[in-house]
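The values are calculated or read from the model by the stated rules, or taken from the named source; none is laboratory data. Note that the structure is predicted; figures quoted are calculated from it, not measured. Cβ sites come from the backbone with ideal geometry, for glycine too, and all protein chains shown count toward neighbours.
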């Protein structure tokens, strides 16, 4: 049991404004594993005021990039020794198996920090241009106070993916972790203190939806960076649009894996399964629609189900476990509702479809595969966010591309083939933010088309989202 009685506001531990409490429930044991203050609007007001002061008059935006980078890199010294602790913490918070949280945490606490520092270092902040009207100095400046809203599915990595580019560009930031997974946010707050960020630059405040909306709507916030559901993204986009506030939205997905006739199934089936089932299926980029050619449909379905049948369901703290519980009872109910819908609409459950036997506690759903699926069914069109895959037949390559693009989403995808050049050609026709040939990968920049979001995270594109452009028009003959 981890218990906290303060909030991290403006780089300091502060008493909460109210008496409310958030309880963190283990999805494995259904027992309370953490207890902390529930933030109120007044706490967010205090955080915005601290961030506003730090940005408008404090040293952080006025430091050189190298000074900010030096402080940022100190996070590695504070977080790396705690990598195992942080991995287990996320497992306890949301049920992700340690075989997922361990490697991802290791990458975050060192690789992600170093990558963002190096990427931000290479983004030009001043550029002299000669235009038809004369010379101009193009300057990139920090956008201001940033509200970062983080979901529960990859809490540590997604929190850092907001905090790092915002602060490296000179912004100040208030991060709101999800109420289901706030405990790793406290660990990051402790690392921020050790690293020596100036007062006001960073606040990390767990809160529920209503308090989060108060933060997003706050007139002192210049930009919102949100990762979460498309439904929530629409609401946030509407608020930001009304206020003409900068916004990045990384939303849901219903991505397709196109399996071409010449795919090597022995090589590729494990990658396809991993692309849906890792993190218990709770990944926005999951390639949850498998598009299989009619000529090999039964073979692909049989081999896919065989691979799924070998997955170990169990305690996520066990290194052998591949499928743990879903984050919350409501999430299990949501996934089970989609499974029922698939059956009602005529799809066939080839494997799974229920709760694993022998588990009296925990919000588990069996890894499930539907066959005989039409792309118009709900299970093929809507994001399930659980360990559920659908296998859809197609007739021609053109048909496969059409089905892949027949979605309101456009976040990720894969093409599996024995001909890499052909795979690249097919990938280029899919209307989605990222496509992997012969694998499943999430890289930078990351983001989506259509209802999968606005803007990008990672890479120079993600860093640039925290910068404003200013044009300084200069007299002829002047160089800067």
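Among the residues of the range 252-280, those identified as free of Cβ contacts under 8 Å to residues at least 40 places away in the same chain and under 16 Å from residue 369 (Cβ atoms) are 265, 269, 270. For the range 14-34, a tally of residues being in contact (Cβ under 8 Å) with a residue 40 or more places away in the chain and either part of a strand (DSSP E or B) or farther than 16 Å from residue 316 by Cα (or both) returns 5. As a summary of the residue check, residue 77 satisfies the conditions (1) surrounded by 24 or more Cβ atoms within 10 Å (Cβ to Cβ); (2) more than 19 Å from the chain's Cα centre (by Cα) except for the one numbered (1).
Kindly indicate whether residue 368 is crowded, with 20+ Cβ neighbours inside 10 Å and in contact with a strand residue (DSSP E or B) (Cβ under 9 Å, 6 or more places away or on another chain). Let's see the steps before the verdict.
Values: crowded, with 20+ Cβ neighbours inside 10 Å: yes; in contact with a strand residue (DSSP E or B) (Cβ under 9 Å, 6 or more places away or on another chain): yes.
So residue 368 fits the description; yes.
Given the criterion touching a strand residue (DSSP E or B) at 6+ places or on another chain (Cβ under 6 Å) and crowded, with 20+ Cβ neighbours inside 10 Å, identify the matching residue among 432, 417. Give the derivation first.
Details: 417 fails: touching a strand residue (DSSP E or B) at 6+ places or on another chain (Cβ under 6 Å).
Going through 432, 417 in turn, just one is touching a strand residue (DSSP E or B) at 6+ places or on another chain (Cβ under 6 Å) and crowded, with 20+ Cβ neighbours inside 10 Å: 432.
At least 3 residues being over 29 Å from residue 311 (Cα atoms) and touching a residue at least 12 places away in the same chain (Cβ under 8 Å) is the threshold, and among the helices (runs of 4 or more DSSP H) wholly inside the range 366-441 those reaching it are 397-405, 420-427. Evaluation of residue 99 against the conditions (1) in contact (Cβ under 8 Å) with a residue 24 or more places away in the chain; (2) assigned to a helix (DSSP H, G or I); (3) surrounded by fewer than 17 Cβ atoms within 10 Å (Cβ to Cβ) shows that the sole unmet condition is (3).
Annotation: residue 360 fulfils all but one of (1) modelled with pLDDT of 95 or more; (2) assigned to a loop (DSSP other than H, G, I, E, B); (3) over 27 Å from the mean Cα position of the chain (by Cα); the unmet one is (1). Cβ-Cβ contacts under 7 Å between residues 6 or more apart (or on different chains), taken from a first residue in the range 71-86 that is farther than 17 Å from residue 317 by Cα and assigned by TED's automatic domain parsing to the domain that holds residue 108 to a second residue that is surrounded by 18 or more Cβ atoms within 10 Å (Cβ to Cβ) and at pLDDT below 95, are absent.
Residues that are at pLDDT 95 or above and surrounded by fewer than 24 Cβ atoms within 10 Å (Cβ to Cβ): list the strands (runs of 3 or more DSSP E) wholly contained in the range 105-181 that include at least 2 such residues. Write out each step before concluding.
Working: elements: 126-131, 134-142, 145-149, 172-176.
Counting at least 2 such residues, we get 134-142.
Quickly run through the range 168-206 and pick out the residues that are on the phi > 0 side of the Ramachandran plot and within 20 Å of the chain's Cα centre (by Cα). Don't jump to the end; show me each part of the working.
Of the range 168-206, the ones on the phi > 0 side of the Ramachandran plot are 170, 196, 200.
Across the range 168-206, there are no qualifying residues.
Residue 81 satisfies every condition listed in (1) closer than 19 Å to residue 221 by Cα; (2) in a helix (DSSP H, G or I) except (1).
Taking the criterion of being assigned to a loop (DSSP other than H, G, I, E, B) and farther than 17 Å from residue 381 by Cα, the residues of the range 329-357 that qualify are 352, 353, 354, 355, 356, 357.
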